Structure formats: structure tokens, C-alpha cells
Amino acid sequence: MFSPKKGKQTTFVYGPEIYEKLVPKDHILYKINELVDFSFINEECRDLYSENMGRPVTNTPEMMFRSAIVQSLNNYSDREMESAARFHIVIKWFLGLNFDDSSYDHSALGRFRDLMGEERWKDIFFSLLRQIENAGYIKGKDYVDATHVIANIAIPSTIDLLRQGIEDAMKAIQETDLDLYEELGGEKTVNDDKKVYKLSPEEKESKLVELVKKAREINQKSESIEGKVREKTQQLKRILNENIQENENKIVKKKEKTKDRLVSIVDKDARHGAKSDEKKFTGYKVNSIMSEDGFIKNINATPGNSYDGDVLIPLIDEMVEQGFSASEVVGDTAYGEVDNRNRLLLKGITVTAPFKKETNKNGLFPQSKFSIEKHAVVCPAGCRTMILNHNEKTEKITFFFKKEDCGNCELKQKCTVQENRTITISEHYELLKKAKEYNKTDDFKEDMKQRAHIEPKQGEMKRHHGLQRAKYWGLPKMNIQAIMSAIVVNVKRFVTLSSRGYRWCS
């Protein structure tokens, strides 16, 4: 007779004791829980909830923030996070859920992100950074760099972008003036969704003309309507201005791309950007500052077409306002613009960065061949000029050599194709001269070698913590995503160094 062996009778206790047996002490979440104090978050977010109205809060701010930590740590979607909070024992423990709790609905994560807002996420980032600093970390020089993040959109063609703009405007008109909506074609206009790739070149040209005429008609006939319709028609006008031109009364796409061109109606903040002439992308840039011992001290997302050098001072100012110090910032060429160097030096911060290589498209003498004095310039032939113009608005000083001196010079063909040579320098030339001298030293070479360590940190955020591609639409939510990635790599680093007993030695 087949008789399966009966197991021993067991009793399941749904309480804290069960976690003590099941949660391994070497798990990353256990270590984070031991090292990091998240208790301040409930108080930080108290003003977001009513004291006297509504149901008692079950999904507390601390629990939802811990969920955000887990979500970014494992690169979970909202639905994956809901499932993990329901079935993963260590995660349930980390969130503070009872063993038999069913967790929250995934939509609670999105509501919490929106409720918190970009500024509050950043405040919590700095509060956690302060805990790490108080533990004896965040030391040494600072390194700055940018990485790109792909937008979470399908990049539309000009025809599809026009369709999106027309559909947006038509829906706004439908809510305001139904008669005008029908006059402009109603559902037929809104639901024009024939796939562009199925059109022949001639059909694409014809469709472009058709859409441009319809867009102009919409703008003209809705011109007097205010509110949401005005907002959407202005958007439609922008799409037309940035993408369409007329050559000999023929409607065609613009060949030259407009600066800061709207890329998508879905994500209005995403922009076309470039890592180099060959590597282009559509989305955002994320600039971050990292301490020498490997902690992100500040992070900020900007549209993909932004210039890295413009972000440095706001990044440092925000960091300093939060009570974090900086004495030297090391970056690549873009961060070493003279304005950055001068403005930060006034705050006691030195910028270390390479300079752009001097080039002359005509193969003529570069500026480095000239001897620049305080109020004069000497050319390679030994001619000296003190004739100058100081533009205080641009902070530039231009020196002019005399026409007769250049005309009689045997080196003229190697120097200029004009009647006379001019040399333009920054009024902060002495600062740049000192920086160029430093860049010739071994210390500078070591700075550049150490600066490269920020790139693996950015790679970690991209490969493991969701920063490869935007999860949401819009710059504020892109910033929240970047902040969470930075928080996670910081607490991971905190755990790693603490477990090794590491302390900074300058």
C-alpha cells in the first residue's frame, strides 16, 4: 500500500519573530535598514496629509519611500514593485509590512511620487547625504560629469508630430466649441492615423501639405478662443514654425533644424542631443557631482540639448546651500569655461578642467604663438601692440595690430588673411594662464585620472538602477528618477564602506 510520509505539524506565527528567522543579515536591504535612518520621512511629509479628515494613512510616507528605494535598487516597474511587496519576504520586512499583509496597489507608487514633488525628493536626498557625511564620509575633491538618458517616447516624424499637434488642438476645441469642432472635420481630422512608413515619397509630400493646411485652418478659425484652446493652438503654431517652410510657394520640411525644437507632444521636455558628432540621442542629460570617496553630492536632469557648462554653478550652489562644502571641482572641458572658473573662484572653489585644443581652420598662427602681457600683445615677428578694446558686457579684450605693420611683415601669410591681425582674450586671462600652467603638471594628470571614476558610477545608475531610459514623461519626473538613482547608489556605497570599516585618509 502506498502511504506518503506525513510531515510534522507546524504552527505559523504571523509576527515580527517570523522575520527574525527568515531575513538574512547579509542581505543588502538588512544592511541598509541597519545603517540608514528613514524615520524622519514621515515628519518631512506630514503637511501632505490632513490631520483631521479622511481615512488613517496606511501607506505611510516612510513605507512608500522605502518602496522607492527597493524599486530603484532592483529597477522594478510599479507593477513589479507591487508584486515584490506582496510576495518577497525580505522586501515585506524592509517596508514594515506584516507577514500576511497584501501590500498596496501599484497606482499608490505613482500617486506618492506626484504628491511628494521634485523639491521634496531633493530635500530627502540631501537629508540622507547628511547622515552619510555625519558617519565620516563624503571627503576629498569633487568630480562632475554628464550622461544621457533616452526619452520614453517613440520619436515622431514631422508628419506624425503635426498629427499629434492637430489632435491636441482639436480635442481642446471639442471641449469648448462643438460646432467649430465639426466644421474643422471632427473625428475624421482627429483619427487621421495612416502609417507614415506605408506612404510612398509622393504620398508623404501630399500628406505633409494636407496637414500643414489643416493646422493653419485650425489656428485661423480658433484664434479668438482663450484658455486651453489658445495653449494648444500656440503649440501647433510652434510645430509649424520649427518644422515647415515654403520654397517658391511650395510647402516643405525645414532642412536646418531649429534650436530647442519640440520633439514630442507626449514628452514636451525631451530634446535632441549629442554625445559627439556621431553619437546622437533624444531625451535628457543628467549632470552629477561625486565626492572623491564615491558619493553623489548632487544630481540634476536637463533637456538633452543643454550645455554641460551651464549646469555646474547651479549644481554647486544648491549643494552649498544645503550645507555641503566644495574646494575643488574636476570636470571635462565644458565645465572649465572661464565664467565658471571665475565665479566659483570668488566662492573659494577651484575648477580643474582641460582646455579646448587651439585650432585655426586656415592653418594660421594660433593665439598660443603670441606673447600676451598685461596691457599689450607681441606677435611671432616681434611686433608689439597696445591698441585694444575692452567689452565689459562680454568680458572680452581685443588687441589690434596696425595694418602697416602686418602689411610689411614677412610672416603675414602664416598669420592672417585680413589686413591686420586681432587677438581676443578674456579679461580673466591671468586666471586662465594660471590654470594652463597647472594643466602641465603631474597633479593635473592625476586629477584627470581620478575624475574618470565618476563614469563607472554613472554606468552603475544606468545599467542597474533605471537611468538608461526615462520611465516617465517630463523634466520634473525625470529629475525624481535621477534623484532616486543617486540615493540608491549612495546607500549602497555607504553599506559597502561601512562593512569594510573604511575611513577616508587625505
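The values are calculated or read from the model by the stated rules, or taken from the named source; none is laboratory data. The model shown is predicted, which means the values in this text are computed figures rather than measured ones. Note that we place each Cβ from the backbone using ideal geometry, even for glycine, and neighbour counts take in every protein chain shown. Calculation scope for accessible area: heavy atoms of the full protein, side chains included, ligands and nucleic acids excluded. Shrake-Rupley method; radii C 1.70, N 1.55, O 1.52, S 1.80 Å.
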Taking 0.36 nm per intervening residue step and subtracting the Cα-Cα distance, what contour gain separates S499 from D277 on full extension?
75.5 nm
Under 5 Å between amide H atoms, partner at least 5 residues away or on a different chain: which partners does D145 have, H built in plane at 1.01 Å?
S288
With a cap of 10 neighbouring Cβ atoms within 10 Å, and only residues DSSP puts in a loop, list the trypsin sites (Lys or Arg not before Pro) found in the stretch 305-393.
K356, K357, K361, K374, K393
Given backbone amide H placed at 1.01 Å from N, residues whose amide H is under 5 Å from that of T282, ignoring those fewer than 5 places away on the same chain, are A151, G273
Can you list the residues, at least 5 places off or on another chain, whose amide H is less than 5 Å from the amide H of T350, using H built in the peptide plane?
E328, V329
Whether the stretch 211-309 is rounded, prolate or oblate, judged on the alpha carbon gyration tensor where a/c under 1.5 counts as rounded
oblate
Can you give the local net charge around Y19? Use residues other than it whose beta-carbon is closer than 13 angstrom to its beta-carbon, Lys and Arg +1, Asp and Glu -1.
-1
Entry for percent of Cα pairs over 37 Å apart (calculated from the structure that is shown) out of (1) 51; (2) 24; (3) 41:
(1)
Apply the Karplus parameterisation 6.51 cos²θ - 1.76 cosθ + 1.60, with θ equal to phi minus 60°, to every residue of the stretch 238-246 and state each ³J(HN,Hα) to the nearest whole Hz, in sequence, with x for glycine and proline.
4, 4, 5, 5, 7, 10, 10, 9, 10
With R₀ set to 45 angstrom, the calculated FRET efficiency between the beta-carbons of D260 and K402, to the nearest 0.05, is 0.55
Rounded, prolate or oblate: which one fits the stretch 112-163, using the alpha carbon gyration tensor with axes a ≥ b ≥ c (rounded when a/c is under 1.5, else prolate when a/b beats b/c, else oblate)?
oblate
Quick one: check the C-alpha center-to-center distance for the stretch 145-196 versus the stretch 425-454, whole angstrom.
50 Å
Just to check I understand the Karplus step: with θ = phi - 60° and J = 6.51 cos²θ - 1.76 cosθ + 1.60, what whole-Hz values come out for the stretch 101-110, glycine and proline as x?
6, 8, 6, 9, 7, 4, 5, 5, 5, x
Just to confirm a number: summing +1 for Lys and Arg and -1 for Asp and Glu over residues other than K122 whose beta-carbon lies under 14 angstrom from that of K122, what do you get?
-2
Relative contact order (percent, whole number), the chain, Cα cutoff 8 Å, 6+ residue spacing:
18 percent
Accessible surface, the stretch 261-343, averaged per residue in Å² (probe 1.4 Å)
35 Å²
For 308-319, 427-438, 101-112, 471-482, ranked highest to lowest by mean beta-carbon neighbours within 10 Å, the order is 471-482, 308-319, 101-112, 427-438
Out of the stretch 15-109, which GluC sites (Glu not before Pro) are coil in DSSP terms and have no more than 14 other C-beta atoms within 10 Å?
E51
Can you give the FRET efficiency for D443 and L178, using 1/(1 + (r/R0)^6), R0 = 56 Å, r = Cβ-Cβ distance, to the nearest 0.05?
0.20
Would you tally the net charge around E217, using a Cβ to Cβ cut-off of less than 13 Å, leaving E217 out, and scoring K and R as +1, D and E as -1?
+2
At a 1.4 Å probe radius, carbon and sulfur cover how many percent of the accessible area of the stretch 234-371?
45 percent
First measure r as the distance between the Cβ atoms of S50 and Q450, then evaluate 1/(1 + (r/R0)^6) with R0 = 45 Å and state the FRET efficiency to the nearest 0.05.
0.35
Tabulate in residue order the Karplus-calculated ³J(HN,Hα) for the stretch 203-216, using 6.51 cos²θ - 1.76 cosθ + 1.60 with θ = phi - 60°, rounded to whole Hz; enter x for Gly and Pro.
5, 5, 4, 5, 5, 4, 4, 4, 5, 4, 5, 5, 4, 5
Need one word for the stretch 364-416: rounded, prolate or oblate. Basis is the Cα gyration tensor (sqrt eigenvalues a ≥ b ≥ c); a/c below 1.5 gives rounded, then a/b vs b/c decides.
prolate
Between 0 and 90°, nearest 10: helix 475-500 axis offset from the chain longest Cα axis
70 degrees
